[in-house]
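Data block below; observations after.
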Amino acid sequence: MITQDQLPMVAMTSMNDTHLEDIIIINKLSEAVVNKDTVLTNSILEELIEHTITHFSGEEEMMREKSFPPYLVHKGEHDRVLNELKAIAQGFSQSDGDFQLVMAYVDGSLIPWLINHIQTLDTVTAMFLQNGLSPCSSGRQG
Ligand SMILES: [Fe+2]
Ligand SMILES: [Fe+2]
């Protein structure tokens, strides 16, 4: 579980809204796992994959439009985590109700990653997209 006050805020409202939607789905997933509801867990994992694809591709499109210099670094993290999430969803659907797999992933990997990712790459990306501030710039000149 992740509470809304644990969610770091960035300089773009649309990104914050997407992140909020993300944690709502993640918490629904945790609840389905705690209730050991196999059908619901499978369907929320699919929902989370779909939402994550939209979330990541939306950020990547904005970064490409504005030629964000560390685009490939940010996209690389997205690709890695999306593949990990897909592997967990596949692992769960092929298992005989391995709720521990999903719980360990959500609490031990996905949530800590999401918080860290928003605090670092998403934060500098939002600053750049919103204000034209480069992550490499040393401040305003003159
Ligand atoms: Fe994000
Ligand atoms: Fe991101």
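Each value in this text was obtained by applying a stated rule to the coordinates, not by laboratory testing. All figures in this text were calculated on a predicted structure; none of them were measured in a lab. Ideal geometry is used to build each Cβ from the backbone, glycine not excepted, and the neighbour counts take in all protein chains shown.
Computed values, structure above
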quantity: Relative contact order (%) - the chain, alpha-carbon pairs under 8 angstrom, separation at least six; calculated: 35
quantity: Loop-exposed trypsin sites (Lys or Arg not before Pro) per DSSP, neighbour cap 15 Cβ within 10 angstrom, longest uninterrupted part of the chain; calculated: 67-139
quantity: Separation of the ILE24 and THR120 label points, Cα + 7 Å toward Cβ, nm; calculated: 2.9
quantity: Spatial separation of Cα centroids for the range 102-130 and the range 1-70, in angstrom; calculated: 10
quantity: Taking ILE88, ILE115 and counting other C-beta atoms within 10 Å, the order from fewest to most; calculated: ILE115, ILE88
quantity: Gain on full stretching of the segment that runs from ALA87 to GLN100 - 0.36 nm per residue minus C-alpha separation; calculated: 3.2 nm
quantity: Distance between modelled label sites at GLN130 and HIS51, nm, 7 Å Cα→Cβ extension; calculated: 2.2
quantity: Principal semi-axes in Å for the chain [√(5λ), Cα gyration tensor, largest first]; calculated: 32, 14, 12
